[in-house]
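Taking it in order: structure first as C-alpha cells, then the write-up.
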Amino acid sequence: MFNPKRIARSLRPLLLAGVAALTLSACASNRGQMGATDYSGMSAAQGQTALADLTARYRANPRDRGVVIRYAAALRAAGQSQQAAAALEQAMSAYPGDVEISIAYAKALTASGRFDQSLSVLQNVIRPDAPDWNALLVMGATLDQMARHDEARRIYVQAAVMAPGEASIETNLGLSYAMTNELATAEQHLRRAVQMRGANSQTRQNLALVVGLQGRFDECRALYAAELPPDQVETNMAYVRALLTQQNRWDMIEQG
C-alpha cells in the first residue's frame with residue numbers, strides 16, 4: 001500500500017522552495033528589503049557562483065542586513081541550512097524584532113529540522129491583528145513537515161486572506177494534500193496555482209509531479225518538457241517512477 005510518510009519526505013523540500021519563491025512575487029508593500037532571495041531554481045554552477053559572491057560580501061560586512069538574508073538563502077539552496085541558521089542567529093541579535101530576518105531564520109530552522117524552534121520564532125513576530133503572510137506561509141510549511149496538516153491548511157487559508165491570488169500559498173496547499181495522498185485535491189490546488197500571480201517554473205513542475213504520481217505519465221512528461229531540457233525531463237520522470245515503485249503503487253495505477 002501507499003506509504004504517505006515516504007512521499008511526504010520527498011515533498012518537504014518543495015514546501016520550502018515555494019516559501020523561498022514567494023519573495024519574488026510579493027506585492028511591493030509586503031516585499032520589504034528581502035528582494036530576490038530564491039536561489040533554489042538556479043543551476044548548480046549558478047548557485048555556486050552566487051554563494052561564493054555572497055560569502056565574500058558577508059565576510060566583509062556580516063552586519064549588512066540585506067547581505068545576511070541573501071547569504072542565508074543561498075546557503076539553504078546549497079543544502080547548508082545549519083550554517084544559514086547560524087548566520088541568521090547572529091543577525092537576530094543585531095536586529096532584534098526584525099520581521100524579515102525572523103522569517104528567514106525560521107526558514108533555515110525548518111530546513112534544519114528544528115521545527116519547534118522555528119514555530120517559536122514565527123509566533124514572536126506574527127501580529128494577531130495583521131499577520132505577515134510570508135510568516136504564515138513559513139509556519140504552514142513547518143506544520144506540514146511536522147505532519148500537522150490540518151493546522152497547516154488552516155494557516156494557508158489565513159495567508160490567502162491576507163494575500164489573495166498568490167501562487168505560493170495555493171502551491172503549498174496543493175503540496176500539503178499531496179503529502180497525505182489526496183492527489184486529486186492536490187492537483188486542483190496546483191492547477192489554480194499555475195494561473196496565479198507569482199507562478200513560476202517550480203510551480204508548474206510541482207503540478208507535473210502530482211500528475212505523475214497519479215500515473216498519468218504522458219501528461220506528466222509534457223508538463224516537464226515545457227519547463228526543462230530533455231535530460232532533466234528524463235531524470236524527473238525516473239524520479240516519479242521510482243517514487244511509485246517505492247510505494248508499490250503500480251498495481252493501483254494499472255487497475256485505476
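Read-outs: derived from the displayed coordinates by stated rules, not from any lab. This structure is a prediction, so every number in the text was calculated from the model and none was measured. Counting neighbours? That spans all protein chains shown, and the Cβs are built from the backbone with ideal geometry, glycine included.
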Scoring only Lys, Arg, Asp and Glu (+1, +1, -1, -1) among other residues with Cβ under 14 Å from the Cβ of Glu182 yields -2
Stokes-Einstein diffusion coefficient for segment 89-219 at 20 °C in a medium of 1.002 mPa s, Rh from the Kirkwood formula over Cα pairs: what value in µm²/s? 140 µm²/s
Can you work out ³J(HN,Hα) from phi for every residue in segment 75-84, in order, using Karplus 6.51 cos²θ - 1.76 cosθ + 1.60 and θ = phi - 60°, giving whole Hz and x for Gly and Pro? 4, 4, 5, 8, x, 9, 5, 5, 5, 4
Measure out, as a whole number of angstrom, how far apart the alpha-carbon centroids of segment 186-225 and segment 130-157 sit. 21 Å
Cβ-Cβ cut-off under 14 Å around Val157, Lys and Arg +1, Asp and Glu -1: the net charge is -2
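With a 10 Å radius around each residue's Cβ, average the other Cβ atoms per peptide and rank 197-203, 75-81, highest first. Don't jump to the answer; show the numbers that get you there.
Values: 197-203: 18.6, 75-81: 20.6.
By packing density, highest mean first, the sequence is 75-81, 197-203.
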In a shell of Cβ-Cβ distance under 12 Å around Val67, excluding Val67 itself, what net charge do Lys and Arg (+1) and Asp and Glu (-1) give? +3
Which values of log₁₀ I(q)/I(0), to two decimal places, follow from the Debye formula for segment 4-255 at q = 0.07, 0.10 Å⁻¹ with a uniform point scatterer at every Cα? -0.23, -0.47
